[in-house]
Amino acid sequence: MSPALLRAPVTTVLGYVETWRAPDLRHPVLDQDRLNRRYRQLLAVGLVLVASLVGLWKLDRDASSWRDETVSYAVAKRTSGELWLLVQNIDAVHGLYYFLAHLALGVWDDGVLTLRVLSVLGTVTAVLGVYAIGTRLGDPATGFLAGVAFLCVPQVQFYAQEARSYALVSAAVVWATWFFVRVLQDRRRRWWVGYAGLLLLGGWLHVFSLLVILAHAVTLWHDGHLRRLGRRWLVVVAFVGCAVAPLAVVSAGQASAQLDWLGRPSFQDWLGFVVPAAVAAALGVVLRRHEAGEARAVTLSTLGVPLLIVPAGFLLTVSLAQPWYVDRYVLYCMSGLALVVGQALRHWQRILRVEAVAERRRRKLYATAAVAFALFSALGPWYWQMRSAASRTDTVESYWGLTVTVPGDPEAVLFQPARRRVWVLARPAAFGPLDDIALEQTPAASGTLYGVEASPDVIRQRMLRHREINVLRDRPGQPLDNTPAEITKRAVLRRHYQLCWVIPVNGGESAIFIRRDTAATNPLCTPGRDIYS
């Protein structure tokens, strides 16, 4: 290649850099605006790159997936008609996500990896939203630090690599909050329209996203905007509520069947709420004294603290009577913590900058480095572990090869409980033809997640036809379902079969039961043999 060809791009880049760095003295104001714009763009691009790299790092999770992700993939592979049938029976709260996942798989189908990429995109979008809010209410550096803080929240990284809807919900809520800020600063119609549109999108992605409205109400009240904007805000809230009401009504009717596995909030749930809330509230009190602007102006603390505390606190309180709380349902609350932490970091940066005594500055820098190192030491291993197959409740791929099927003689399989049928839904070809003893109607045909099982009498008759049954089930110690079908499965196995071999895997096990009248001649059932060997 000739030197001239090499020189041309280098000259172009250097010329651009000089243009960016050297002010145009003839138009100092225009030049400063251009520099500020490029500075904001540079920080935004940096955040996108960092968030994307963190999200894509070990995204395949050692080629593993778990049951909830398998549900997302198996449902998204259904036709539009089958999706519509499903949401009429169950999981309507995730209906829009399933439709978006269906479209994504139509473009590129690489299993759950495709759906995880959707979550990475949602997380990147949410990080940019946090940056935009921090920049709007502070400065670009504050926005950048808040975006990094949001990305560093363990729950955010966890669900950034999850083939579920929660990262997309967070993106919708964060940008709805950005439009809310614009509404408080500028009452033009387009900000109201954007606010309503993003709330509507979030509500249809997950109904609990609308709990953010309670946080916005607290900010309106605290900053004295209720009298000025209360009427318009209530009109928007009423419109969004009416638009999401059909989904909320259907989801409430399905909640008993969908959330029956939930218990009341545990001590760990309360601890996971109280500690961040206390930190954010304390930082908010300290930072409130240093926030510039008018006394009634919206600030990062008056926006972020309610955003962290109110939706999650409300759902936790309701769950004392009606268990509905799971931290991922209000994942977007962590954006409130990130905004307050970003502002605190920016304030600390200013303190270091103006410190005149060199020795004090050095001690503060050492203390800052020590805290950063301690946080990295505590969270770093967790970030690594969450990208391993063991980080989830189970591993669907660990069941591949646990069924033995020969041509013309499919293996008899029983799922305990029935919802564990999810283990075979995403990749049925990996199991070969199976004789699913209890199944009456497939998930897709019945418009359900796990299919419809036969009556207890039919299940009993089918089970007794087989000398050997491979039971794919939860590990011992898990809560037992007390439906008639599950009670029948346990009773028949206990009375007529002998457990002879168990293969434990991540999140469950394959248990081989041999009928008692043939167990004496089966080598698997040799007296004294370790069934786990």
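Keeping to the range 48-76, report how many residues are at negative phi and surrounded by fewer than 19 Cβ atoms within 10 Å (Cβ to Cβ).
In the first step, residues of the range 48-76 are kept if they are at negative phi; the result is 48-57, 59-60, 64-76.
Cutting the leftovers down to surrounded by fewer than 19 Cβ atoms within 10 Å (Cβ to Cβ) gives us 48-50, 52-53, 56-57, 59-60, 68.
Summing the residues that are at negative phi and surrounded by fewer than 19 Cβ atoms within 10 Å (Cβ to Cβ) in the range 48-76 gives 10.
Condition first: among the polar types (S, T, N, Q) and surrounded by fewer than 20 Cβ atoms within 10 Å (Cβ to Cβ). Can you find one or more residues in the range 413-425 that meet it?
Pass one, the range 413-425, residues among the polar types (S, T, N, Q): 416.
Narrowing the set further to residues that are surrounded by fewer than 20 Cβ atoms within 10 Å (Cβ to Cβ) leaves none.
Looking for residues that are among the polar types (S, T, N, Q) and surrounded by fewer than 20 Cβ atoms within 10 Å (Cβ to Cβ), one finds none in the range 413-425, hence no.
Give R460, R419, R529 a once-over and let me know the one that is basic (K, R) and either modelled with pLDDT of 95 or more or in a strand (DSSP E or B) (or both). First the steps, then the outcome.
Working: R419 fails: either modelled with pLDDT of 95 or more or in a strand (DSSP E or B) (or both); R529 fails: either modelled with pLDDT of 95 or more or in a strand (DSSP E or B) (or both).
One residue alone meets the criteria, R460.
Just to be sure I understand, how many residues within the range 178-211 are over 13 Å from F239 (Cβ atoms) and touching a Ser or Thr at 6+ places or on another chain (Cβ under 7 Å)?
Number of matching residues: 4.
Restricting to the range 141-167, what's the tally of residues that are in contact with a Lys or Arg (Cβ under 8 Å, 6 or more places away or on another chain) and in a loop (DSSP other than H, G, I, E, B)? Outline the logic, then answer.
In the first step, residues of the range 141-167 are kept if they are in contact with a Lys or Arg (Cβ under 8 Å, 6 or more places away or on another chain); the result is 141-143, 145, 155, 159, 161-164, 166.
Subsequent filtering for residues that are in a loop (DSSP other than H, G, I, E, B) retains 161-164.
Of the residues in that region, 4 qualify.
Just to be sure, is V124 part of a helix (DSSP H, G or I) and touching a Ser or Thr at 6+ places or on another chain (Cβ under 7 Å)? Before the answer, list the steps.
Working: part of a helix (DSSP H, G or I): yes; touching a Ser or Thr at 6+ places or on another chain (Cβ under 7 Å): yes.
Criteria met by V124.
What do you reckon, is Q343 polar (S, T, N, Q) and not in a helix (DSSP H, G or I)? Can you show your working first?
Working: polar (S, T, N, Q): yes; not in a helix (DSSP H, G or I): no.
Answer is no for this residue.
Name the pairs: first residue in the range 295-314 and closer than 12 Å to A280 by Cβ, second residue charged (D, E, K, R), Cβ to Cβ under 8 Å, at least 6 apart or on different chains?
Every condition considered, the pairs that remain are L300/E291; S301/R288; S301/E291; T302/D223; T302/R288; A312/D327.
Kindly evaluate P306 against the criterion of being touching a Cys at 6+ places or on another chain (Cβ under 8 Å), of a type outside the set (S, T, N, Q), crowded, with 20+ Cβ neighbours inside 10 Å and under 22 Å from H225 (Cβ atoms). It would help to see each step written out before you state the result.
Details: touching a Cys at 6+ places or on another chain (Cβ under 8 Å): no; of a type outside the set (S, T, N, Q): yes; crowded, with 20+ Cβ neighbours inside 10 Å: yes; under 22 Å from H225 (Cβ atoms): yes.
No, not satisfied.
Return the pairs, sorted by first residue and then second, in which the second residue is of a type in the set (S, T, Y), the first residue lies in the range 365-387 and is modelled with pLDDT of 90 or more, the beta carbons are less than 8 Å apart, and the residues are 6+ apart or on different chains.
These pairs meet every condition: Q385/S391.
Which one is farthest from A160 (Cα to Cα) among residues in the range 346-391 that are among the hydroxyl-bearing types (S, T, Y) and in a helix (DSSP H, G or I)?
So in the range 346-391, the residues among the hydroxyl-bearing types (S, T, Y) come out as 366, 368, 377, 383, 388, 391.
In the following step, the residues that additionally are in a helix (DSSP H, G or I) were identified as 366, 368, 377, 383, 391.
Values: Y366: 32, T368: 28, S377: 21, Y383: 12, S391: 14 Å.
Per the criteria, the residue is Y366.
From the list Y532, Y497, which residue is outside the structural domain of L425 (by TED's automatic domain parsing), among the aromatic types (F, W, Y) and touching a residue at least 12 places away in the same chain (Cβ under 8 Å)? Break it down into steps so the answer makes sense when it comes.
On the way: Y497 fails: outside the structural domain of L425 (by TED's automatic domain parsing).
Among Y532, Y497, only Y532 is outside the structural domain of L425 (by TED's automatic domain parsing), among the aromatic types (F, W, Y) and touching a residue at least 12 places away in the same chain (Cβ under 8 Å).
Looking at this structure, is V117 out of contact with any Pro (no Cβ under 6 Å at 6 or more places or on another chain), assigned to a helix (DSSP H, G or I) and closer than 14 Å to V156 by Cα? Break it down stepwise before answering.
Working: out of contact with any Pro (no Cβ under 6 Å at 6 or more places or on another chain): yes; assigned to a helix (DSSP H, G or I): yes; closer than 14 Å to V156 by Cα: no.
Considered against the rule, which asks whether it is out of contact with any Pro (no Cβ under 6 Å at 6 or more places or on another chain), assigned to a helix (DSSP H, G or I) and closer than 14 Å to V156 by Cα, V117 comes out as no.
Please tell me if V275 is modelled with pLDDT of 90 or more, closer than 30 Å to G122 by Cβ and loosely packed, with under 15 Cβ neighbours inside 10 Å.
Values: modelled with pLDDT of 90 or more: yes; closer than 30 Å to G122 by Cβ: yes; loosely packed, with under 15 Cβ neighbours inside 10 Å: yes.
Criteria met by V275.
Check whether at least one residue in the range 157-169 is under 27 Å from W221 (Cβ atoms) and in contact with a Leu (Cβ under 7 Å, 6 or more places away or on another chain), and report yes or no. Steps first, answer last, please.
Of all residues in the range 157-169, those under 27 Å from W221 (Cβ atoms) come to 169.
Checking which are in contact with a Leu (Cβ under 7 Å, 6 or more places away or on another chain) leaves us with 169.
Yes: one or more hits.
Please verify whether the range 284-292 includes one or more residues that are within 29 Å of D91 (Cβ to Cβ) and either part of a helix (DSSP H, G or I) or modelled with pLDDT of 90 or more (or both).
Initial filter on the range 284-292 (within 29 Å of D91 (Cβ to Cβ)): none.
Within the range 284-292, not a single residue is within 29 Å of D91 (Cβ to Cβ) and either part of a helix (DSSP H, G or I) or modelled with pLDDT of 90 or more (or both).
Filter the range 20-66 for residues that are closer than 21 Å to P140 by Cα and hydroxyl-bearing (S, T, Y); which is modelled with the lowest pLDDT?
Y39
The values are calculated or read from the model by the stated rules, or taken from the named source; none is laboratory data. Worth saying up front: this structure is predicted, and the values here are computed from it rather than measured. As a convention, Cβ positions derive from the backbone with ideal geometry for all residues, glycine included, and neighbour counts pool all protein chains shown.
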